[in-house]
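Colleague: Here it is, the structure in full.
The values are calculated or read from the model by the stated rules, or taken from the named source; none is laboratory data. Keep in mind it's a predicted model, so treat the numbers as computed, not measured. Quick reminder, even Gly has a Cβ in these numbers, built from the backbone with ideal geometry, and neighbours come from all protein chains shown. Side chains are part of the model used for accessible areas, which takes the heavy atoms of the whole protein and leaves out ligands, DNA and RNA. Shrake-Rupley method; radii C 1.70, N 1.55, O 1.52, S 1.80 Å.
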Amino acid sequence: MSVHAERRKVTTHRLSEMKLRGEKISMLTAYDFSMAKIVDQAGVDVILVGDSASNVMAGHETTLPITLDNMIYHGSSVVRAVETALVVVDLPFGSYQGNSKEALSSAVRIMKETHADAVKLEGGKEVIDSVHRILSAGIPVMGHLGLMPQSIHKFGTYVVRAKEKDEAEKLISDAKLLEEAGCFAIVLEKIPSKLAGQVAAELSIPIIGIGAGNKVDGQVLVVHDMLGINQEFSPRFLRRYHNLYSEMKGAIENYVHDVKSMDFPNEREMY
Ligand code: KIV
């Protein structure tokens, strides 16, 4: 029997069991049906419909322009492809900060219109009212601390976060607040490995890292980055598993050549 034949639907409860038994959690992004099918069938535990779709799919500089309607479009496309992974959809910038009622209505739209399993949002104390209100409606919430791309204009740079004591202490206290509120997991982005390990050790919910070292409970990457489709992004934490940009470009160049030279279509490719 193959490993995948016995896979059951991943739930938030199963993620906490995985943490308890020390089994690492794999998480990747996906934004469309075809990619989500591959990611799910490959055995990834959690699929994140990240607001990084703003960069990767739409070509924006930041994650700020993507709308709730855009996220719902991406989320519902992904959910239609997925059989096993837990699907988490990002709440986009402006849909949950500062107004917990609006946060709840954004989260409800995501759950109703995409059929995803959970939502993710960035921030700690500043958004805790929104977290409480969303959770009170029975919607699972994943937190996101450390480098928070939706706050890029506040920080002005994508450098490693929480290297200084004050910021590290705030991150730990925010992580504890999110756990106490009832979040089922937290993503820690681009922070020192030692700090991420401390958070993972002190909290009982799973901590998923991106650029946060190997002492956490799981890893997440943007699928276009790890497949080498996007070549313009090379942070130290990124491991490239393929060079799909070159492979795809080469294949398309061959197609262009075959059309121009009238090699395609040949007799067997016609009706
Ligand atoms: O939007 C996204 O892809 C993310 C990951 C980088 C964690 O939030």
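Colleague: Just to verify a result, which residue in segment 179-235, among those that are more than 12 Å from the ligand (Cβ to nearest atom) and basic (Lys, Arg), is surrounded by the most Cβ atoms within 10 Å (Cβ to Cβ)?
Modeller: Here the answer is LYS215.
Colleague: Residues in segment 36-68 that are open to solvent by less than 30 Å² (accessible area, probe 1.4 Å), farther than 29 Å from THR157 by Cα and not in a loop (DSSP other than H, G, I, E, B): how many?
Modeller: 3
Colleague: Is it true that ALA36 is over 18 Å from PRO206 (Cβ atoms) and more than 11 Å from the ligand (Cβ to nearest atom)? Working first, answer last.
Modeller: On the way: over 18 Å from PRO206 (Cβ atoms): yes; more than 11 Å from the ligand (Cβ to nearest atom): yes.
Answer is yes for this residue.
Colleague: Out of all the residues in segment 45-57, is one or more closer than 21 Å to SER105 by Cα and out of contact with any strand residue (DSSP E or B) (no Cβ under 7 Å at 6 or more places or on another chain)?
Modeller: The first filter runs over segment 45-57 and keeps only residues closer than 21 Å to SER105 by Cα, leaving 48-51.
With out of contact with any strand residue (DSSP E or B) (no Cβ under 7 Å at 6 or more places or on another chain) added as a condition, the list becomes none.
No, every residue in segment 45-57 fails to be closer than 21 Å to SER105 by Cα and out of contact with any strand residue (DSSP E or B) (no Cβ under 7 Å at 6 or more places or on another chain).
Colleague: Let me ask something else. Is it the case, given these coordinates, that VAL87 is among the β-branched types (Val, Ile, Thr) and within 24 Å of GLN219 (Cα to Cα)?
Modeller: Numbers: among the β-branched types (Val, Ile, Thr): yes; within 24 Å of GLN219 (Cα to Cα): yes.
Criteria met by VAL87.
Colleague: Something else about it: Take the residues in segment 82-108 that are among the β-branched types (Val, Ile, Thr) and farther than 13 Å from VAL49 by Cβ; name whichever of them is most open to solvent (accessible area, probe 1.4 Å).
Modeller: Here the answer is VAL108.
Colleague: Scan segment 1-19 residue by residue and report those that are touching a residue at least 40 places away in the same chain (Cβ under 8 Å), open to solvent by 50 Å² or more (accessible area, probe 1.4 Å) and either within 28 Å of PHE93 (Cβ to Cβ) or not in a helix (DSSP H, G or I) (or both).
Modeller: Within segment 1-19, ARG7, ARG8, LYS9, THR11 qualify.
Colleague: Go through segment 77-93 residue by residue and tally those that are over 14 Å from HIS144 (Cβ atoms) and assigned to a loop (DSSP other than H, G, I, E, B). Spell out how you get there, then give the answer.
Modeller: Quick first cut of segment 77-93, residues over 14 Å from HIS144 (Cβ atoms) only: 77-87.
Filter once more, keeping what is assigned to a loop (DSSP other than H, G, I, E, B): 82-85.
Residues flagged as over 14 Å from HIS144 (Cβ atoms) and assigned to a loop (DSSP other than H, G, I, E, B) within segment 77-93 amount to 4.
Colleague: Can you say whether GLY22 is without any contact (Cβ under 8 Å) to a residue 40 or more places away in the chain, assigned by TED's automatic domain parsing to the domain that holds VAL119, small (Gly, Ala, Ser) and surrounded by fewer than 21 Cβ atoms within 10 Å (Cβ to Cβ), as far as the supplied structure shows?
Modeller: yes
Colleague: Checking ALA58 against (1) within 13 Å of the ligand (Cβ to nearest atom); (2) within 12 Å of the chain's Cα centre (by Cα); (3) of a type in the set (A, V, I, L, M, F, W, C); (4) more than 19 Å from ASP129 (Cα to Cα), which test does it fail?
Modeller: Answer for ALA58: the failing condition is (2).
Colleague: Against the condition within 14 Å of the ligand (Cβ to nearest atom), more than 15 Å from the chain's Cα centre (by Cα) and either surrounded by 23 or more Cβ atoms within 10 Å (Cβ to Cβ) or assigned to a loop (DSSP other than H, G, I, E, B) (or both), how does HIS74 come out, does it pass?
Modeller: no
Colleague: Let me ask something else about it. Which one of these does LYS101 not meet: (1) at pLDDT 95 or above; (2) part of a loop (DSSP other than H, G, I, E, B)?
Modeller: (2)
Colleague: Let me ask you something else. Inside segment 17-38, can you point out the residues that are under 18 Å from ASN230 (Cα atoms) and hydroxyl-bearing (Ser, Thr, Tyr)?
Modeller: THR29, TYR31, SER34
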